[in-house]
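Structure record follows, encoded as C-alpha cells.
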Amino acid sequence: MKLAFIPATLVLSTLLSPLAYAVNTNPNNANQSPPFQNAPQQQVSKQQYIQHKKQMMQKRAAFIAQQRAKEANNGPTFPSPEELKRMAPPKPMTEEALKQRLTLQIQRTKKVMAADKKRSAKYAEDFARYQKHQADTLAKMMAKADAQRMKVLNRMEEQQKQIIASFLKSKRISAQNNNH
C-alpha cells in the first residue's frame with residue numbers, strides 16, 4: 001500500500017508543478033502572488049537642497065535683529081542676577097556661620113523629635129484607652145524613645161563643639177603657616 005501511495009504522489013506533483021509555475025509567472029495573475037514579489041517600489045527620497053550662503057546670512061541677520069530687540073526691551077539677557085549669584089565664589093566659612101549652621105541642624109532635629117513625641121503620645125493615649133493591659137509596656141517603650149532622643153541631641157551638641165574646635169584649630173594652623 002505504501003508503494004502505491006508514493007508513486008501516486010510523485011505523479012501528482014509532476015503534473016501540478018508546471019501549472020504552479022505558470023500561475024506564478026503569468027502577469028495576469030500578479031495580484032495573486034505574495035505582496036513582496038511584484039509590489040511597486042515607492043520612491044521616498046526627497047532631495048534636500050543646501051542653502052546658499054546668502055540665504056543663511058539673511059536668516060542669521062534676522063536672528064541677530066530679534067536678539068537685539070529683546071535686549072532693547074528687557075536689557076541684556078546674560079548674565080541674569082540669579083546667574084551672577086551662582087557664579088560668585090562662595091563666601092569663606094566663619095565661626096559664626098558654622099555655629100549658625102549647626103544650631104539650625106539641631107533646631108530642625110528638635111522640631112522633628114517634638115513632632116514624633118507628640119504623635120507617639122497621641123498614639124499611646126488611644127492605645128491605652130482600648131488596650132489597658134498593654135499600656136504599661138507602651139509607656140516603657142516611650143520612655144526609652146525619649147532617652148534615645150536625648151542621647152541623640154547630646155551627641156549632636158558634642159559633635160558641634162568638636163567641629164567648632166577643629167575649625168578654630170585649622171584656622172590657627174593656617175594663620176601660622178601664612179605668617180612663616
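The values are calculated or read from the model by the stated rules, or taken from the named source; none is laboratory data. Keep in mind it's a predicted model, so treat the numbers as computed, not measured. Every residue, glycine as well, gets a Cβ built from its backbone with ideal geometry; the counts of neighbours run over all protein chains shown.
Out of segment 80-111, which residues are loosely packed, with under 11 Cβ neighbours inside 10 Å and within 30 Å of D146 (Cβ to Cβ)?
Answer for segment 80-111, where residues must be loosely packed, with under 11 Cβ neighbours inside 10 Å and within 30 Å of D146 (Cβ to Cβ): L104, Q107, R108, K111.
Can you pull out every residue in segment 155-180 that is over 17 Å from L98 (Cα atoms) and among the hydroxyl-bearing types (S, T, Y)?
S174, the sole residue that qualifies.
Quick grid of which residues meet (1) farther than 30 Å from T137 by Cβ; (2) touching a helix residue (DSSP H, G or I) at 6+ places or on another chain (Cβ under 8 Å); (3) modelled with pLDDT of 90 or more:
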{"position": "S80", "(1), (2), (3)": "yes, no, no"}
{"position": "E83", "(1), (2), (3)": "yes, no, no"}
{"position": "R86", "(1), (2), (3)": "yes, no, no"}
{"position": "P90", "(1), (2), (3)": "yes, no, no"}
{"position": "Q105", "(1), (2), (3)": "yes, yes, yes"}
{"position": "V112", "(1), (2), (3)": "no, no, yes"}
{"position": "A115", "(1), (2), (3)": "no, no, yes"}
{"position": "S120", "(1), (2), (3)": "no, yes, no"}
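Any idea which residue in segment 122-148 is surrounded by the fewest Cβ atoms within 10 Å (Cβ to Cβ), counting only those that are modelled with pLDDT under 80 and aromatic (F, W, Y)?
Y130
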